[in-house]
Amino acid sequence: MTSHYRREAVARPVPNCPICGTQAREVQTKYGLRNSCCGLWSWDRHDLVDAGTHKARNDAHASFDRIWKSRLMPRGDAYKALAEELNLTRDQCHMKLMDRETALRVPVAVAAIIERSRRNEA
């Protein structure tokens, strides 16, 4: 099964830890490539972040996925609407790239997108 999250393989360097400055430890898991150091971690060689950021990203994804899984709009259109609502470019609008503050804004943005879409249907 091909994941809709992977556009193409990108050769990224192993990230350095923002706390201690050393290169993160890298482990291949059944879920993908995991990097970790000093209690921070990431997947697929993205920047290391803390548990609070991971939780905010997961919550953001759960909120966002309601838009396209409910067929309110196609997935690509949903990402475009979210990017516009958050004042991000489409390429910046990936949960795994968001900092905690941006990810925490996603549920409010999603509610605005849903409300606007329903108003346009009426």
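The values are calculated or read from the model by the stated rules, or taken from the named source; none is laboratory data. From a predicted model like this one, the values you see are computed outputs, not experimental measurements. Here Cβ is always computed from backbone atoms with ideal geometry, including for glycine, and neighbour counts include all displayed protein chains.
Results, tabulated for the structure shown:
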| quantity | calculated |
| --- | --- |
| Residue in region 89-96 that is closer than 28 Å to PRO13 by Cα, at pLDDT 95 or above and among the acidic types (Asp, Glu) present | no |
| Within region 25-64, tally of residues that are more than 28 Å from TYR79 (Cβ to Cβ) and in contact with a Cys (Cβ under 8 Å, 6 or more places away or on another chain) | 3 |
| Selection from region 59-79 of residues that are surrounded by fewer than 13 Cβ atoms within 10 Å (Cβ to Cβ) and of a type outside the set (Ser, Thr, Tyr) | LYS69, ARG71, PRO74, GLY76 |
| First in region 94-114 and in the same structural domain as MET73 (by TED's automatic domain parsing) and under 15 Å from ASP77 (Cα atoms), second anywhere and among the small types (Gly, Ala, Ser) and buried (at least 20 other Cβ atoms within 10 Å of the Cβ), Cβ under 6 Å, 6 or more apart | ILE113/ALA81 |
| Flag if GLU84 is modelled with pLDDT of 95 or more and surrounded by fewer than 17 Cβ atoms within 10 Å (Cβ to Cβ) | yes |
